[in-house]
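Structure in structure tokens, see below.
The values are calculated or read from the model by the stated rules, or taken from the named source; none is laboratory data. Keep in mind that what you see is a predicted model, and the values were worked out from it rather than measured. Here the Cβ is made from the backbone with ideal geometry for all residues, glycine too, and neighbour counts use every protein chain on show.
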Amino acid sequence: MTGIEREYIEAILGAFEDGDEDDVSAVFAEDGVFIDPEYPDGEYHGPAGVRRALERRSERTTGEARFVVRNFWADGTSCAIEVETHRTATHRSERAFPQVFVVEMENGRIARW
């Protein structure tokens, strides 16, 4: 891969949807950072931290989590993804909201999400 491509990001989002801690954490650099205020601690470091974030998320949510990509911009090693997010919380309420993710790659791994 010469840069960040939409298909690569969509595959990672699919792994997030599936709750696949192995596939998601594997794409992060050892010093990579995952930041999302929707997660309990808000910021996680390295593959082990990303795995912990996903495990904690699965404790808080049930049902389906989906991301529909609306827009994608990339410039080599960085990209921005606008998604429509659909989640079901533990109390079974449905939530739909837009989000924007900014991703930076370094040496073929995610350095910051």
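What tally of residues in segment 13-53 results from selecting those that are hydroxyl-bearing (Ser, Thr, Tyr) and over 20 Å from Thr77 (Cα atoms)?
2
Pull out all pairs, ordered by first then second residue, where Cβ-Cβ is under 8 Å, the residues are six or more apart or on different chains, the first lies in segment 97-113 and is closer than 18 Å to Gly46 by Cβ and surrounded by 14 or more Cβ atoms within 10 Å (Cβ to Cβ), and the second is of a type in the set (S, T, N, Q) and at pLDDT below 95.
As it stands, the answer is Glu104/Thr77; Met105/Thr77, since those pairs meet every condition given.
Moving to a separate point now. Across segment 32-58, what is the total count of residues that are free of Cβ contacts under 8 Å to residues at least 60 places away in the same chain and of a type in the set (A, V, I, L, M, F, W, C)?
Summing the residues that are free of Cβ contacts under 8 Å to residues at least 60 places away in the same chain and of a type in the set (A, V, I, L, M, F, W, C) in segment 32-58 gives 4.
So that you can scan it fast, the table gives a plain yes or no per residue for (1) in contact with a strand residue (DSSP E or B) (Cβ under 8 Å, 6 or more places away or on another chain); (2) closer than 23 Å to Gly108 by Cβ:
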site: Ala11; (1), (2): no, yes
site: Phe16; (1), (2): yes, yes
site: Val27; (1), (2): yes, yes
site: Pro37; (1), (2): no, no
site: Val50; (1), (2): yes, yes
site: Ala53; (1), (2): yes, yes
